[in-house]
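Below is one structure, written out as structure tokens; the observations come after it.
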Amino acid sequence: MTMPGETRIDKPESELIVLGIETSCDETAVSVVRGGTEVLSSIVSSQVDIHARYGGVVPEIASRAHVDLMVPVLAEAIIEAGVSSNELDAIGATYGPGLVGSLLVGLSSAKALSLAWNVPFVGVNHLEAHLLSSFIDDPAVELPLVVLLVSGGHTMLIEMRDRGDYRLLGATVDDAAGEAFDKVARYLGLGYPGGPAIDAISELGDPTAIAFPRAMSGADDGYDFSFSGLKTAVINHVRKNPDVSTEDVAASFQEAVVDVLVTKARRAVHEVGAKGLCIGGGVAANTSLRSRILDVCVEDEIGAFIPGRSMCTDNAAMVAAAATFRFVTDGPSPLDLGAVPNLALPLTVPRSEA
Ligand code: KG4
Ligand code: ZN
């Protein structure tokens, strides 16, 4: 077996076949990807139904569900890809950020397979996997790119100058965008997960009905985000107006979030001179955000890189793609690599100097 640090890759990146495993939150996912872009299989088993009755992800239940689901999901991914273990060049697994118990299930599975099959192991940063997912749908992505990464745990605006070369332009100072969707949906009694529920009900409402605040969205406000005031504004409005239409509240809330995200991302593209704008993370599955980003890119004549919805939410194809890239640049990871719940995105330029 190739040991960490001694990279002996005798194939071009385009021919590498990599198995990816993702278990950072409540999706158990396994995928096989060739050349970092060609998805041979991508199986995602969501635990949404299991957690819905609790109104959110329960970490201990998530870990146990990952243990139950790992072998069947793995088997399905391998069978669908039609590859055997001796054709695999590497096995990648998310080692952070995420829920520690959940991460450990995927990580231990990947290490066990690495030892049993004599295939190198590669630890993957979940945030980098989201960033690189755009290359799966569109390998001809033009760089530099501004990436808006919006998920349940993160809201970041990143300048991607190359794969592995990231500059953080801004991030949320309180709630992540997906967290705001989930909390508002919960308050409105729309269930869990909140993002898809608000997305669907907003179709029936008037996005201009209520003028909710757009925090930190002025031209001089930089690229950080804040969504906790918006959540409070929604709660206060419903308390004061108990007969208000839930559809209008949802649509107006969504409009406020999308407005801020699109305004900042658009400004960032122009300021850094990026060739395009890309979105990733669960909130990038939002219908209104997708269409507004597309409109802005057409209007400003820049490339729009909007991955398919299944590539935006958590999946293992993006993990396999990131593992392929890191295997080529850094070689295999040590088998004693641990789960890192608060793992940060590796930045080329520290935030303080950006
Ligand atoms: O990336 P992801 O699958 O998991 C994390 O790494 O967090 O993102 C999950 C988040 C949840 O907050 C969910 O409500 C949100 O993405 N989400 C959406 C939509 N689909 C998922 N938010 C708005 N509109 C959607 N269609
Ligand atoms: Zn994610």
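Given (1) in contact with a helix residue (DSSP H, G or I) (Cβ under 9 Å, 6 or more places away or on another chain); (2) open to solvent by less than 10 Å² (accessible area, probe 1.4 Å); (3) basic (K, R), identify the lone condition not met by K231.
(2)
Which residue out of I279, I293 is in contact with a helix residue (DSSP H, G or I) (Cβ under 9 Å, 6 or more places away or on another chain) and farther than 24 Å from G96 by Cα?
I293
What are the residues in the stretch 12-36 that are assigned to a loop (DSSP other than H, G, I, E, B), open to solvent by less than 50 Å² (accessible area, probe 1.4 Å) and more than 28 Å from G101 (Cβ to Cβ), if any?
Matches in the stretch 12-36: L16, G35, G36.
Any residue in the stretch 133-146 that is within 16 Å of ligand 2 (Cβ to nearest atom) and within 12 Å of the chain's Cα centre (by Cα)?
Yes: one or more hits.
Which one of L277, L294, L289, L337 is among the aliphatic types (A, V, I, L, M) and open to solvent by 50 Å² or more (accessible area, probe 1.4 Å)?
Answer to the check: L294.
Counting only residues that are closer than 30 Å to S291 by Cα and assigned to a loop (DSSP other than H, G, I, E, B), how many does the stretch 311-332 have?
Final tally of qualifying residues: 4.
If we scan the stretch 342-353, do we find a residue that is within 28 Å of L40 (Cα to Cα), small (G, A, S) and open to solvent by 30 Å² or more (accessible area, probe 1.4 Å)?
No, because not a single residue in the stretch 342-353 is within 28 Å of L40 (Cα to Cα), small (G, A, S) and open to solvent by 30 Å² or more (accessible area, probe 1.4 Å).
Kindly indicate which of D248, D314, D300 is acidic (D, E), open to solvent by less than 60 Å² (accessible area, probe 1.4 Å) and within 16 Å of ligand 1 (Cβ to nearest atom).
D314
So which of D224, D259 is away from ligand 1 (no atom under 16 Å from the Cβ), charged (D, E, K, R) and open to solvent by 20 Å² or more (accessible area, probe 1.4 Å)?
So the residue among D224, D259 that is away from ligand 1 (no atom under 16 Å from the Cβ), charged (D, E, K, R) and open to solvent by 20 Å² or more (accessible area, probe 1.4 Å) is D224.
Among the numbered criteria (1) closer than 27 Å to S134 by Cα; (2) at pLDDT below 95, which single criterion is violated by A215?
(1)
Can you tell me which residues in the stretch 183-221 are open to solvent by 40 Å² or more (accessible area, probe 1.4 Å), outside any loop (DSSP other than H, G, I, E, B) and either over 12 Å from F253 (Cβ atoms) or in contact with a Ser or Thr (Cβ under 8 Å, 6 or more places away or on another chain) (or both)?
Listed by number, the residues that qualify are R186, P196, A200.
Out of everything in the stretch 158-179 that is within 16 Å of ligand 2 (Cβ to nearest atom) and among the hydrophobic types (A, V, I, L, M, F, W, C), what residue ends up being nearest to S134 (Cα to Cα)?
Filtering first and then ranking leaves I158.
Checking the condition modelled with pLDDT under 95 and in a loop (DSSP other than H, G, I, E, B), which residue from L347, L335 passes?
So the residue among L347, L335 that is modelled with pLDDT under 95 and in a loop (DSSP other than H, G, I, E, B) is L347.
Yes/no matrix, rows are residues, columns are (1) touching a Lys or Arg at 6+ places or on another chain (Cβ under 9 Å); (2) in contact (Cβ under 8 Å) with a residue 40 or more places away in the chain; (3) under 28 Å from T94 (Cβ atoms):
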{"residue": "V244", "(1), (2), (3)": "no, no, no"}
{"residue": "E255", "(1), (2), (3)": "no, yes, no"}
{"residue": "G273", "(1), (2), (3)": "no, yes, no"}
{"residue": "P307", "(1), (2), (3)": "no, yes, yes"}
{"residue": "S310", "(1), (2), (3)": "no, yes, yes"}
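Being within 16 Å of ligand 2 (Cβ to nearest atom) and either part of a helix (DSSP H, G or I) or more than 15 Å from the chain's Cα centre (by Cα) (or both) is the filter here, so list the residues in the stretch 280-310 that pass it.
G282, V283, A284, A285, L289, R309, S310
Can you confirm whether V48 is within 15 Å of ligand 1 (Cβ to nearest atom), of a type in the set (V, I, T), closer than 21 Å to V100 by Cβ and loosely packed, with under 15 Cβ neighbours inside 10 Å?
In short, yes.
The values are calculated or read from the model by the stated rules, or taken from the named source; none is laboratory data. In this text, all values refer to a predicted model and were calculated from it rather than measured experimentally. Using ideal geometry, Cβ is built from the backbone for each residue, glycine included, and neighbour counts are taken over all protein chains shown. Please note that ligands, DNA and RNA were not included when accessible areas were found on the heavy atoms of the full protein model with its side chains. Shrake-Rupley method; radii C 1.70, N 1.55, O 1.52, S 1.80 Å.
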